[in-house]
Structures are given as C-alpha cells and as structure tokens.
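Structure first, commentary second.
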Amino acid sequence: MPMTYLLRKLFEILPWLMHHLPGPQQKANSCCEFVCPFIRKGDQKPQGERGIPDEPQDFIDFYLAQIAKAKGDPASTYDEDNMNQSIFYLFLAGTETTTTTLRWALLYMVAYPDIQENVQKELDTVLGPSQLICYEDRKNLPYTNAVIHEIQRYCSIVLIAIPRESGKDTTLQGFPIPKGTLILPNLDSVLFDPEKWESPRQFSPSCFLDKEGNFVSREAFLPFSTGSRVCLGAQLARSELFIVFANLLRALMFTLPKGVEEISTKLVLGSTMQPQPYKLCVVPR
C-alpha cells in the first residue's frame, strides 16, 4: 500500500497531526493563521456600525440574525465559530479561482494579440480616460464581456465540481441513481460539448456574440456549476473579473518578452487547472 495513501488516511483520522508534522501544509497553516484574525475583527464591529437590524447589509449581518433566531435551539449549527469558518471558505475559494482565471486571461491576451487589441479599442471608444469602471459597464462593452466569458469557458479551471450525494432514489436520462450515490458533476464536459458550442476547442469570443455584436448568454456556460448548489461567490467573481480585467486592458499592453516568439497555453493539473509558468512584458498604453 503506497505511503502517501497511508498518510492521507492517517490525517483524515487524526487531522491535528497536520499542525505538528513538517511539510508544505505548514505554509498553508501559516496563511490561515494570518487571515483568521482579520475575519474575527470584521465580525466584532460595534452594532452601531452595522446595518439596521431589520435590514441586513452583508453576509455577517444575515448570519448574526440567524444566530439570534436560533438562540436556545440545541440542534442549531448557527454560531460565531461556524460563521467565521464560512467566511474563511468564501475567501479561500474566491481568491484561488479568481486569481487563476486572471492569470489565464493575461496569457490569452498575449497569445491572441488581435483579441487584446479589439478589447482595448472597445474600452477606448466607450469609456472616458478617467472614468471609473463598474460592473454595470459590461452592458455597454459586449465584446469585452464576451472575451471574459470565453476565458472562463476555455480555461475551465474547475474540471469536476464539488462532490455531491443523491438524497433519494432517482433516475437521470434512464439511468437509476440510488440514494446515497456519490455524484461528481463534470463541468468540463459541458464547457467543451460540441453539441453546445460551434468550435469548443478554439478560443473564440464570438460564440458569446450575435450577428449584430450584442452579448448573448449561453445555457451551457456553467463555470460556477448550476442549480441550488451553484457557487456562492459567483456574482462576486463575475464583478471582480470584469472590473480588474477591464482596468488592466485599458491601462496596459501585454506582449511576449523580447526574443520569445510563442507562449504555451497548456494547463497544469492541480486543485484548479493552472497555466504553465510564463513571463510577459507589460507596457503602459
């Protein structure tokens, strides 16, 4: 039996060992210890600095309201420890996936300079030089919006969604799925389905545009999964990607380093699909 398998099982049974044994997990533990105090500090804002009790303004307000409602219920799982952990998970998941997507975005802009140029032309035409970019601007920037969607589709950083379990006996397309079956949603198969996309293996923002150049949504665009278990941070990720990408492309030009003629777009398998390490030149426009 492989040693790595034995260690993994040991850590599942005795997770506290992770904090005492040497290894790369110690760096992760250090990062957690750095982030958690910030979360706790945010939770402890004075009541006067929060929203009106009947009008919660953010996730913490909503969670505190649930804690108050469940007070006295011994079966309730709403408490400050779980709230802090939920906030930590949101930060952890959103930071990794958004950062990786932006790395792919810059890589594609270097690999496809004509697409980069078209994005910059649209940004220059629609936005003023000093105008702050907000998420609502995407409605007036259909090509830029299409490019961002195609980046998310084409890099497909999460091949398999978080495992789920069937809550009851059911049938899917004629196949019986018993209660308790482990289900692994294959998002990659949808994002590259030749029956849903005209050229799934080509980077083509035009698949999100109609003949008049207007942005169109696609039913098969599911980088955040779908249904009641869709990614909680999907809306935040969309806003971040659009604002950061648009600001970068408006201010900077991304090119290959001197003497380099091409750049690899092959992925590196991991918890998310990472681009291979690359270098690029950044030039103010």
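General remarks:
- Restricting TYR135, TYR154 to those that are of a type in the set (Phe, Trp, Tyr), within 26 Å of the chain's Cα centre (by Cα) and surrounded by fewer than 18 Cβ atoms within 10 Å (Cβ to Cβ) reduces the list to TYR135.
- Count of the range 174-213 residues, restricted to those that are free of Cβ contacts under 8 Å to residues at least 24 places away in the same chain, under 17 Å from ARG164 (Cα atoms) and in a loop (DSSP other than H, G, I, E, B), is 4.
- For the range 119-138, a residue qualifies if it is in contact (Cβ under 8 Å) with a residue 24 or more places away in the chain and more than 28 Å from VAL268 (Cβ to Cβ), and the qualifying residues are GLN120, LEU123, ASP124, LEU127, ILE133, CYS134, TYR135, ASP137, ARG138.
- Search result, residues across the range 217-265 that are among the polar types (S, T, N, Q) and surrounded by 13 or more Cβ atoms within 10 Å (Cβ to Cβ): SER225, THR226, SER239, ASN247, THR255, THR265
- Look at (1) among the β-branched types (Val, Ile, Thr); (2) assigned by TED's automatic domain parsing to the domain that holds TYR278; (3) modelled with pLDDT under 95 and you find that ILE148 fails only one, number (3).
- Screening CYS231 with (1) in contact with a strand residue (DSSP E or B) (Cβ under 7 Å, 6 or more places away or on another chain); (2) within 24 Å of ILE87 (Cβ to Cβ) gives one miss only, at (1).
- Matching residues, the range 97-117, being more than 18 Å from LEU256 (Cβ to Cβ) and either without any contact (Cβ under 8 Å) to a residue 12 or more places away in the chain or surrounded by fewer than 16 Cβ atoms within 10 Å (Cβ to Cβ) (or both): THR99
- The range 248-285: number of residues that are under 16 Å from ARG103 (Cβ atoms), in contact with a helix residue (DSSP H, G or I) (Cβ under 8 Å, 6 or more places away or on another chain) and of a type in the set (D, E, K, R): 0
The values are calculated or read from the model by the stated rules, or taken from the named source; none is laboratory data. Values in this document were obtained by computation on a predicted structure and should not be read as measured data. Cβ sites come from the backbone with ideal geometry, for glycine too, and all protein chains shown count toward neighbours.
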